[in-house]
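The values are calculated or read from the model by the stated rules, or taken from the named source; none is laboratory data. The model shown is predicted, which means the values in this text are computed figures rather than measured ones. With ideal geometry, Cβ positions are generated from the backbone for all residues, glycine too; neighbour counts draw on all protein chains shown. Note: areas computed on protein heavy atoms with side chains; ligands, DNA, RNA excluded. Shrake-Rupley method; radii C 1.70, N 1.55, O 1.52, S 1.80 Å.
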Amino acid sequence: MAKAFANSADLKAYRQQLLKTRRTETKTISICAGTGCCASGALKLVDGFHRAVRERGLEREVTVRQTGCHGFCERGPLVVLHPELTLYQRVKGADIAEIIERTIQGGEVVERLLYQDAAGHRFVREDELPFYKNQMRLILAQNGHIDPTSIDDYLAVGGYQALAKVLGKSKPEKVCETIRKSGLRGRGGGGFPAGVKWESCRAAPCPDGVRYIICNADEGDPGAFMDRSIMEGNPHSVIEGMIIGAWAIGFPGRPQGYVYIRNEYPLAVERLGIALEQARRLGLLGKNILGSGLDFDIKINKGGGAFVCGESTALMASIEGFVGEPRAKHIHTVESGLWDKPTNLNNVETWANVPLIIDKGVKWYTGIGTGDVSRDPWGGSKGTKIFALVGKVQNTGLVEVPMGTSLRRIIYDIGGGIPGGKKFKAVQTGGPSGGCLPADKLDLPVDFDALTAAGSMMGSGGMIVMDESTCMVDVARYFTHFLADESCGKCVSCREGLRQLGRILDRICAGEGRPGDLELLESLGRTIRSASLCALGQTATNPLDSTLRYFREEYREHVEDKKCRAGVCRALISFRILADKCTGCMICAKKCPEQAISGEKKKPHVIDQSKCIRCGICRDVCKFDAVVVE
Amino acid sequence: MTESQSREVTFKVDGRSLRGRQGESLLEALRRYGYQVPSLCHHEAVSPYGACRLCLVEVQKGKRRKLTTSCNYPLMEGIEVFLDTEQVVSNRRVVLQLLLAQAPAAERVRQLAAEYGVNDTPFEVEDPENRCINCGLCARVCKEVVGVEAIGFSGRGAGKRMVAPYDETAEDCIGCGACVFVCPTDCIGMSETGGIRTIERWHRKLPLKTCSVCGRHFAPTFQLNKFAEWTGLPRGHFDKCPDCR
Ligand SMILES: Cc1cc2nc3c(=O)[nH]c(=O)nc-3n(C[C@H](O)[C@H](O)[C@H](O)COP(=O)(O)O)c2cc1C
Ligand code: SF4
Ligand code: SF4
Ligand code: FES
Ligand code: FES
C-alpha cells in the first residue's frame with residue numbers, strides 16, 4: 001500500500017498507478033464471501049480456487065477474489081467469472097477443478113451449475129438472470145466486484161473520488177445543499193431528508209465544535225440484511241460518505257465519528273475495522289485529511305443487542321454507556337444528542353448514497369425515483385432502495401430498485417412470483433412494524449409517501465411476501481408479540497398496551513373472540529400509537545391496523561364464525577379425510593401422535609375429532625391429498 | 001441552572017397567557033398555576049422520565065399540534081397548551097384501564113382511575129396482587145437524590161421489572177427509605193424489628209446503630225458509615241443520634 005496521501009493529487013496519482021498495474025489481469029473468479037455464502041462453505045471455495053490456480057500455474061492470468069454479498073444468498077455459494085459474468089450457484093469444492101478446466105481454460109459452460117428458473121430455463125450470465133436483470137444496482141454495484149478487505153480495489157473503481165472532489169474544495173454549506181437538493185431521504189426508517197438534517201446539525205450552536213457523526217448499523221429488523229451486506233461488501237462506501245458528512249456538517253470544528261453496529265454482525269465488524277485501518281494509513285482518516293484541514297476519525301461501537309437500540313435516542317444512550325431507552329425528542333438530537341452535543345445520525349445505506357450523489361451529481365440522482373424535490377426535499381423519493389425480499393417468493397434475497405418501482409415488479413419480475421402455484425395474499429413492507437398490503441395494492445409505486453399513505457411504511461426495507469396459506473390475524477398476532485417483547489418497557493401505553501393487544505389477538509386466534517373485540521383492538525391501538533414516546537410504540541400497531549383495514553373479513557370470521565380460512569389457527573380448524581380419495585394406506589394412522597385416526601387396511605380412514613390436536617401431520621404425510629382442513 | 005433555562009418565556013394554556021422559565025418542565029409550570037394534571041411517575045426532585053403517560057396534554061408549536069406528555073416537555077416560547085381535549089381524555093382513560101390491569105392492587109391507581117371515571121378495565125389482569133407500575137421513581141430517587149444506584153430495571157417489554165441487582169439483595173442500599181417514601185403505589189415496604197431495618201422489596205436487612213447516649217436504635221450502621229465516608233466526618237460523630245448530638 002502507498003504512504004498517506006497529503007492531498008487529492010496524491011490520491012489521483014496513486015489511482016492512475018493502480019489502474020496501470022491492473023491491466024494485466026485477464027480473468028477474475030469472484031467468490032461471494034458474504035455471511036450467507038460463508039455459511040454454505042464459501043471460504044473453503046476461496047482457498048480451493050487459490051490452490052487450484054496456483055497448481056496449474058495460472059496466477060498471472062487468473063485472479064481469485066473474495067467479495068461481499070451478491071444478494072442472492074439463497075443460491076449460495078455464488079461464483080461469478082469475469083469478464084464473461086458467468087454465474088455459478090451452489091458451488092461445491094468438488095466443482096472447482098471442472099470450473100477452471102472447462103470454463104476458464106476451455107471456454108465452456110458447466111450447465112449443471114447454472115441458475116435454473118421454475119420453468120426449467122437456464123441462465124448463463126449474471127446480468128441475464130431475472131433476479132438481477134430487473135434491478136438497478138447502484139449501492140450494491142460493487143458488491144460482487146471488489147474485495148472488501150482491499151482499499152486498492154475500492155480506489156480502482158473510483159472510490160474516494162467524491163471525497164477528493166469536495167474536501168478542501170467545496171464549501172461545507174454547499175455540500176449540505178447538494179445533499180438536500182438531491183432529495184436523499186433517510187433509509188433507516190423515517191425517511192427524513194438527509195440534507196435538512198445535516199444543515200440543522202451544522203447550524204446548531206456548538207461552542208467547542210464537537211459534533212458527532214454517527215452511522216446507524218444496528219439493523220434490528222428480523223430478516224433484514226441490507227446494511228450488513230453493504231458493510232461486508234463495500235465498507236469504504238460508508239466510510240467515504242461519513243467523511244464527506246463530517247466535512248459538510250462539522251468543518252471547521254472537531255467532528256467525531258461512530259458506527260453503532262449490531263454485535264451479531266462479526267464479519268461486518270471485522271471488515272469495517274480493516275477498512276477503517278486502511279483509510280487511516282492512507283490519511284483518509286485522521287489529521288488534516290487530504291490537506292483540507294479536516295481532522296476526523298471513526299470509532300466502532302458494538303450494539304446493546306436490542307431492537308429498540310436502533311432508535312436514535314436509545315442508540316445514543318447506549319453509546320454513552322446507559323441502558324438503550326429512548327427519550328423524548330422535544331429538543332432534537334441535531335442540537336443536543338450524544339453527550340449533549342449536536343449529533344447527526346444516518347443509516348448505513350443513507351451514508352452509502354452520499355459518495356454516489358457527490359460523484360454523479362444532483363441532476364443525475366434526481367432523475368431516479370419519484371416526485372419533484374427541486375423546491376422541497378419532502379417532495380419525492382429519489383435514488384434507489386434496497387429491500388430484503390423474503391417469504392413466499394421464488395427468489396429471495398437483496399433487491400435494489402429505483403424508488404417508485406411497483407410491488408408487482410419486485411415480487412413477480414425480480415422475485416419470480418409465488419412458488420407452488422399458490423395465490424399471493426399480502427406483502428408486508430417496513431419490518432416488524434410495517435403494514436400488510438393486499439393484492440389490489442400490487443401496482444403501488446414503492447416510495448416513502450405512497451407506502452405511508454397505504455398504511456405501511458418503507459422502514460429499513462424489509463419485504464415479506466405472504467401467500468394464501470397465511471392467516472392475517474395470526475400475522476398481526478405474531479408481530480404484536482415481537483414488538484411487545486422488544487418494547488423498552490418504559491411507556492405504559494406501549495408496554496402494557498402491546499401486551500394486552502397480544503392477549504386479545506391470542507384469544508381471537510384461540511377461538512375465544514368476543515363481540516366488541518375489534519372495537520377494543522381499535523381503541524387500544526389508537527392509544528398505543530398516540531400516547532407512546534418513541535416510534536416503536538407509535539408505529540407498533542401498523543400490522544394490526546393494516547390487517548384490520550384490508551382483511552377485516554378474516555377477523556370477523558375468526559370472532560363470529562370461529563373459522564380460519566387459511567387453516568393456520570389450530571383452534572379454528574378441523575382435519576377430515578375424504579373417503580373417495582383415501583386409499584387406506586394407513587400411513588396417517590401410524591404417524592398420528594394421538595392415535596386419533598382409525599380404519600382398516602385399504603378402507604377409508606376417519607379422524608376422531610375429540611382426540612385430534614390439529615397438528616396437521618396427517619395432511620403432511622398423506623400422499624393422496626385425502627386429508628383436508630376446514 | 002443554565003443561562004437559557006433562566007430566561008422567561010410566554011406560553012398559553014387553553015387560551016390564557018402565562019409566563020414560565022425556558023426549559024422547565026411543562027407539568028411543573030402548569031401545576032404552579034393550579035392546573036390539575038394527573039401523574040404517577042413524576043417528582044420535582046428528580047429528572048422527568050415519561051413512563052406513566054398520564055400527564056398528557058396537546059401542545060401546538062408553530063403549525064404542528066400534537067399529543068405529548070407534559071412532565072418531560074421543556075417549556076418554550078410561544079407554545080399553546082390544551083389541557084383536557086377529547087384526545088387527551090380518551091387516551092388517558094385507556095392508559096388508566098391498562099394500569100388497572102397491570103396493578104389492580106394499587107390504591108393510588110384505583111383512586112386516580114375513579115377520578116377520571118374509570119372504575120373497571122376491559123383488559124386481562126395478570127397478577128391481582130401487583131402494585132408496581134414501573135414508574136421508576138424509586139431508582140431515580142436512589143440515584144439522583146441519595147447518590148446510590150442500589151436498584152434498577154431489568155429486562156424489557158412486558159417482562160421489565162424494578163429489582164435489586166440480579167433480583168437478589170441490594171448490596172449498595174443504605175436503607176434510607178427514600179424509595180419507600182416516593183413510591184406512588186406503596187409497594188416497597190420497610191420495617192424495623194429487633195434492631196434490624198428491612199427494605200422488603202430489595203431484600204435488604206441492615207442492623208441499626210444504638211445511640212451511645214440515649215440507647216435508641218436510630219439508623220443503619222451501614223448508612224452511617226457511608227455518611228462518614230461521604231462527609232469526611234469522623235465515624236465517632238455518628239455514634240450519637242441526631243437528638244443527642
Ligand atoms: C424501534 C426502532 C428501531 C430502529 N432501528 C433502526 C436500525 O436498526 N437502523 C437504522 O438505521 N435506523 C433504525 N431506526 C431509525 C432511527 O431511529 C433513525 O431514524 C435513523 O437511524 C436515522 O437515519 P436515516 O435518517 O438515515 O434513516 C429505528 C427506529 C426505531 C423507532
Ligand atoms: S414507545 Fe415503547 S419503546 Fe418507545 S420509549 Fe415508550 S415503551 Fe419504550
Ligand atoms: S417500586 Fe414503586 S417507585 Fe419503584 S417502579 Fe414500582 S411503583 Fe415505581
Ligand atoms: S452472502 Fe453470498 S449472495 Fe449473499
Ligand atoms: S408524569 Fe408524565 S409520563 Fe408519568
Residue satisfying all of: in segment A:467-505; within 12 Å of chain B (Cβ to nearest Cβ) and small (Gly, Ala, Ser); nearest to B:Gly136 (Cα to Cα) among these:
A:Gly489
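Take the residues in segment B:119-152 that are outside any loop (DSSP other than H, G, I, E, B) and open to solvent by less than 60 Å² (accessible area, probe 1.4 Å); name whichever of them is farthest from ligand 2 (Cβ to nearest atom).
First, pick out the residues of segment B:119-152 that are outside any loop (DSSP other than H, G, I, E, B): B:137-146, B:152.
Within this subset, residues satisfying the condition of being open to solvent by less than 60 Å² (accessible area, probe 1.4 Å) are B:137-142, B:146, B:152.
On the way: B:Leu137: 16, B:Cys138: 18, B:Ala139: 16, B:Arg140: 16, B:Val141: 21, B:Cys142: 21, B:Val146: 25, B:Gly152: 16 Å.
Checked segment B:119-152; the qualifying residue farthest from ligand 2 (Cβ to nearest atom) is B:Val146.
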Which one of the conditions (1) within 27 Å of A:Gln135 (Cβ to Cβ); (2) touching a Leu at 6+ places or on another chain (Cβ under 6 Å) does A:Leu45 fail to meet, given that it meets all the rest?
(2)
With criteria (1) closer than 16 Å to A:Asp474 by Cβ; (2) modelled with pLDDT of 95 or more; (3) not hydrophobic (A, V, I, L, M, F, W, C), A:Gly567 comes up short on (2)
Any hit, segment A:533-555, residues being more than 30 Å from B:Thr68 (Cα to Cα) and part of a loop (DSSP other than H, G, I, E, B):
yes
Selection from segment B:58-74 of residues at the interface with another protein chain (Cβ under 10 Å from one of its Cβ atoms) and open to solvent by less than 40 Å² (accessible area, probe 1.4 Å) yields B:Val59, B:Leu67, B:Thr68, B:Thr69, B:Cys71, B:Asn72, B:Tyr73, B:Pro74
Hits in segment B:1-45 - residues which are farther than 27 Å from B:Gln97 by Cβ, within 24 Å of the chain's Cα centre (by Cα) and among the aliphatic types (A, V, I, L, M)
B:Met1, B:Ala29, B:Ala45
From B:Val94, B:Val81, grab the single residue that is under 16 Å from B:Phe11 (Cβ atoms), away from ligand 5 (no atom under 13 Å from the Cβ) and buried (at least 20 other Cβ atoms within 10 Å of the Cβ).
B:Val81
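Out of the residues in segment A:293-311 that are open to solvent by less than 20 Å² (accessible area, probe 1.4 Å) and of a type in the set (Gly, Ala, Ser), which is farthest from ligand 3 (Cβ to nearest atom)? Let's see the steps before the verdict.
Initial filter on segment A:293-311 (open to solvent by less than 20 Å² (accessible area, probe 1.4 Å)): A:294, A:296, A:298, A:303, A:306, A:308-309.
Narrowing the set further to residues that are of a type in the set (Gly, Ala, Ser) leaves A:303, A:306.
On the way: A:Gly303: 27, A:Ala306: 20 Å.
For segment A:293-311, the residue satisfying everything is A:Gly303.
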Could you list all residues from segment A:192-214 that are part of a loop (DSSP other than H, G, I, E, B) and not charged (D, E, K, R)?
A:Phe192, A:Ala204, A:Pro205, A:Cys206, A:Pro207, A:Gly209, A:Val210
Under 8 Å by Cβ, and 6 or more places apart or on different chains, what pairs join a residue from segment A:612-623 that is on the phi < 0 side of the Ramachandran plot with one that is small (Gly, Ala, Ser) and in a loop (DSSP other than H, G, I, E, B)?
A:Cys612/A:Ser574; A:Cys612/A:Ala596; A:Ile613/A:Ala596
List the residue pairs whose Cβ atoms are under 6 Å apart, where the first residue sits in segment A:178-202 and is on the phi < 0 side of the Ramachandran plot, the second is modelled with pLDDT under 95 and of a type in the set (S, T, N, Q), and the two are 6 or more positions apart or on different chains.
A:Gly188/A:Ser460
Within segment A:331-340, how many residues are open to solvent by 30 Å² or more (accessible area, probe 1.4 Å) and touching a strand residue (DSSP E or B) at 6+ places or on another chain (Cβ under 6 Å)?
0
Only unsatisfied item for B:Ile133, checking (1) at positive phi; (2) facing chain A (nearest Cβ under 9 Å), is (1)
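Restricting attention to segment A:560-611, and to residues there that are over 13 Å from A:Val629 (Cα atoms), β-branched (Val, Ile, Thr) and without any contact (Cβ under 8 Å) to a residue 40 or more places away in the chain, which single residue is most open to solvent (accessible area, probe 1.4 Å)? Step through it out loud before you land on a result.
Filtering segment A:560-611 down to residues over 13 Å from A:Val629 (Cα atoms) leaves A:560-562, A:579-606, A:608, A:610-611.
If we keep only those that are β-branched (Val, Ile, Thr) too, we end up with A:583, A:587, A:597, A:606.
The next check asks that each one be without any contact (Cβ under 8 Å) to a residue 40 or more places away in the chain; those that pass are A:587, A:597, A:606.
Working: A:Ile587: 47, A:Ile597: 18, A:Val606: 91 Å².
Only one residue fits best here, namely A:Val606.
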Just the residues that are away from chain A (no Cβ under 14 Å), among the small types (Gly, Ala, Ser) and either over 22 Å from the mean Cα position of the chain (by Cα) or under 15 Å from B:Asp186 (Cα atoms) (or both), please, taken from segment B:89-130.
B:Ala105, B:Gly117
Test A:Arg499 against the stated conditions and say whether it is within 30 Å of the chain's Cα centre (by Cα), farther than 30 Å from A:Ala596 by Cβ, part of a helix (DSSP H, G or I) and more than 16 Å from ligand 2 (Cβ to nearest atom).
no
Restricted to segment A:469-526, and to residues that are open to solvent by 30 Å² or more (accessible area, probe 1.4 Å) and among the polar types (S, T, N, Q), which residue is nearest to ligand 1 (Cβ to nearest atom)?
A:Ser523
Members of segment B:188-245 found to be small (Gly, Ala, Ser) and either in a loop (DSSP other than H, G, I, E, B) or surrounded by 18 or more Cβ atoms within 10 Å (Cβ to Cβ) (or both), listed by number:
B:Gly189, B:Gly194, B:Gly195, B:Ser212, B:Gly215, B:Ala219, B:Gly232
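Is one or more of the residues making up segment A:328-347 more than 12 Å from ligand 1 (Cβ to nearest atom), charged (D, E, K, R) and within 14 Å of chain B (Cβ to nearest Cβ)?
Start the filter on segment A:328-347 by keeping residues that are more than 12 Å from ligand 1 (Cβ to nearest atom), which leaves A:328, A:330-331, A:335-336, A:338-342.
Among the residues that remain, those that are also charged (D, E, K, R) are: A:335, A:340-341.
Of the ones still in play, those that are also within 14 Å of chain B (Cβ to nearest Cβ) are A:335, A:340.
Looking for residues that are more than 12 Å from ligand 1 (Cβ to nearest atom), charged (D, E, K, R) and within 14 Å of chain B (Cβ to nearest Cβ), one finds at least one in segment A:328-347, hence yes.
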Filter segment B:153-173 for residues that are buried (at least 17 other Cβ atoms within 10 Å of the Cβ) and assigned to a strand (DSSP E or B); the one that is farthest from the other protein chains (Cβ to nearest Cβ) is B:Val163
